[in-house]
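Contents: one structure, followed by commentary.
Bear in mind that the values in this text are calculations on the coordinates, not laboratory data. Since the structure is predicted, the reported quantities are computational estimates derived from the model, not experimental observations. Using ideal geometry, Cβ is built from the backbone for each residue, glycine included, and neighbour counts are taken over all protein chains shown.
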Amino acid sequence: MVEDELALFDKSINEFGNKFRNTLSDTPCQMVGLRDAYKDSLKALAEKLSVKLKEEERMVELFLEYQNQVCEQNKMIQEKKNNLLRLIAEVKGKNQELEILTANIQDLKEEYSRKKETISTASKANEERLQRLQKSADLYKDRLGLEIRKIYGLLCLATTNIQRKRTLELLLCYQVTDSGQVAEPTLDSEPLSVT
């Protein structure tokens with residue numbers, strides 16, 4: 001805009017110069033008229049330029065105001081972006097924790113099923129062992145007349161077919177500790193009452 005005004009100013013100066021040269025040969029009164037016309041045109045041009053300058057200053061102020069608004073909006077956008085990134089990171093962290101917990105739960109389930117299977121297998125094996133022991137105990141009782149009993153915390157081997165008058169007489173007593181060790185057998189001459 002200023003360039004247009006400067007071009008217009010140059011054009012008017014050139015016109016004035018041409019008129020001035022043409023009128024130099026004329027009378028001095030024409031010179032005074034031209035001088036007044038020149039002053040009037042300079043005054044009008046100065047007023048135009050001052051209005052344009054005020055408009056341009058207003059435009060610069062508006063530009064700076066808009067630039068400040070854009071900077072504030074950029075700051076707000078950056079803050080929102082940072083908050084969003086923080087929230088995304090938290091969600092990813094929670095998802096990773098959830099995956100870890102899910103994996104731990106799955107591992108615990110698998111371990112539980114393995115232990116349950118182990119316990120079930122051990123229970124079946126114990127039942128089979130108990131059945132074999134019961135069969136052995138029945139065999140010892142029927143064929144040899146021996147019974148294995150636990151009396152007062154002692155593992156006792158009792159005979160039933162040695163004397164016909166006394167059907168249960170304790171011959172040997174073994175004490176079995178909690179660790180599974182067997183103590184030396186003791187001979188008792190008196191029979192224990194078995195309940």
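Structure notes:
- The alpha-carbon atoms of the range 33-144 define a convex hull whose volume equals 60 cubic angstrom per residue.
- Separation in nanometres of the label points that stand 7 Å from Cα toward Cβ, at D4 and L130: 10.9
- For the range 50-113, lysine pairs separated by 8 or more sequence positions, or belonging to different chains, with Cα-Cα distances below 23 Å total 5.
- Net charge over other residues, Cβ less than 11 angstrom from the Cβ of Y38 (K, R count +1; D, E count -1): +1
- Two-site label geometry, I105 and I119: point separation in nm, points 7 Å out along Cα→Cβ: 2.1
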